[in-house]
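The values are calculated or read from the model by the stated rules, or taken from the named source; none is laboratory data. For clarity, every value in this text was computed on a predicted model and none was experimentally measured. Cβ sites come from the backbone with ideal geometry, for glycine too, and all protein chains shown count toward neighbours.
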Ligand SMILES: Cc1cc2nc3c(=O)[nH]c(=O)nc-3n(C[C@H](O)[C@H](O)[C@H](O)COP(=O)(O)O)c2cc1C
């Protein structure tokens, strides 16, 4: 998988306006069923001005969606257990203007809420100095669990943004049928949220701190 050092020239498809402000998005991808929809989310994010995307995949995520597919939409892809030292969690964390976790599993929420660093995504999150944006996605019963909700509350108390999942008809692999689940907002909505947050972070002088509820419904057109 490609690991292009940051000082090499941009790939085709990158902004060719040298003075266009660059937004460096780091996307941590976990092994939720919704990872199958990841390319649509990355396409939507690429529409943000000057957007560059690096993706980190957990082993579970890469087991569902091949990293070679993700590489077609992202600038660079790093996989847990393959690229842990190249460029490594510290360099990835320092590179990012914004860090999204999409989709975020119950497992990742638990690791992040407890300061654990069991894989490259969670370790990079610990090394990231600013607030991250979590987009949880899971079975509705999993989302309702008090343990999961405790983790969500703790992450919010720590200053992170945890976007409320949308009730959605999702493909459930276990039953091979569509079931109500705690799903992701539509790709266009996610891109809007990331754009709004990026603007707020820039206004705050890049401090990474945004007001509580910055991703409230009032700011975002939630239509799919
Ligand atoms: C086909 C399949 C679909 C899964 N979907 C989800 C999901 O939507 N949300 C979730 O939290 N876990 C889901 N899991 C369970 C996670 O993959 C599992 O907890 C894994 O340890 C998560 O690891 P990660 O957070 O490192 O990616 C799914 C597992 C499988 C095999």
- Subset of region 139-193 (residues that are in a loop (DSSP other than H, G, I, E, B) and closer than 23 Å to residue 112 by Cα): 145, 158, 159, 160, 163, 164, 165, 184, 185
- Item | Pair list, Cβ under 6 Å, 6 or more apart: region 10-39 residue within 16 Å of the ligand (Cβ to nearest atom), other residue at pLDDT below 95 | 33/173
- Task: Only residues in region 94-111 that are touching a residue at least 12 places away in the same chain (Cβ under 8 Å) and within 21 Å of residue 24 (Cβ to Cβ) count as the first member; pair them with residues that are assigned to a strand (DSSP E or B) and away from the ligand (no atom under 15 Å from the Cβ), Cβ under 6 angstrom, at least 6 apart or cross-chain, and list the lot.
- Result: 95/24; 96/24; 96/26; 97/23; 97/24; 98/25; 99/26; 100/133
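Yes/no per residue for (1) surrounded by 19 or more Cβ atoms within 10 Å (Cβ to Cβ); (2) near the ligand (Cβ under 9 Å from one of its atoms); (3) modelled with pLDDT of 95 or more:
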residue: 121; (1), (2), (3): yes, yes, yes
residue: 133; (1), (2), (3): yes, no, yes
residue: 136; (1), (2), (3): yes, yes, yes
residue: 154; (1), (2), (3): no, no, yes
residue: 160; (1), (2), (3): yes, no, yes
residue: 164; (1), (2), (3): no, no, yes
residue: 171; (1), (2), (3): no, no, no
residue: 181; (1), (2), (3): yes, yes, no
residue: 184; (1), (2), (3): yes, no, yes
- Message: Tell me whether region 74-88 contains one or more residues that are under 16 Å from the mean Cα position of the chain (by Cα), more than 9 Å from the ligand (Cβ to nearest atom) and part of a loop (DSSP other than H, G, I, E, B).
- Response: yes
- Any residue in region 90-98 that is under 24 Å from residue 189 (Cβ atoms) and in a helix (DSSP H, G or I)? no
- Query: Which of the residues spanning region 97-111 are surrounded by 24 or more Cβ atoms within 10 Å (Cβ to Cβ) and more than 9 Å from the ligand (Cβ to nearest atom)?
  - Reply: 99, 100, 101, 102
- Item | Neighbours by Cβ (under 7 Å, 6+ apart or cross-chain): first from region 61-73, closer than 18 Å to residue 46 by Cα and assigned to a helix (DSSP H, G or I); second within 14 Å of the ligand (Cβ to nearest atom) and at pLDDT 95 or above | 67/57; 67/79; 70/38; 70/55; 70/57
- Query: Applying the selection to region 42-64, what residues are surrounded by fewer than 20 Cβ atoms within 10 Å (Cβ to Cβ) and within 16 Å of the ligand (Cβ to nearest atom)?
  - Reply: 59, 60, 63, 64
- Message: I need the full set of residues from region 29-41 which are surrounded by fewer than 24 Cβ atoms within 10 Å (Cβ to Cβ) and not in a loop (DSSP other than H, G, I, E, B), in order please.
- Response: 33, 36, 37, 39, 40
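This table checks each residue for (1) more than 16 Å from the chain's Cα centre (by Cα); (2) surrounded by fewer than 21 Cβ atoms within 10 Å (Cβ to Cβ); (3) closer than 20 Å to residue 27 by Cα; (4) at pLDDT below 95.
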position: 126; (1), (2), (3), (4): no, yes, yes, no
position: 142; (1), (2), (3), (4): yes, yes, no, no
position: 157; (1), (2), (3), (4): yes, yes, no, no
position: 176; (1), (2), (3), (4): yes, yes, no, yes
- Query: With respect to residue 149, is the statement that it is within 17 Å of residue 168 (Cβ to Cβ), within 14 Å of the ligand (Cβ to nearest atom), surrounded by fewer than 16 Cβ atoms within 10 Å (Cβ to Cβ) and without any contact (Cβ under 8 Å) to a residue 60 or more places away in the chain true?
  - Reply: no
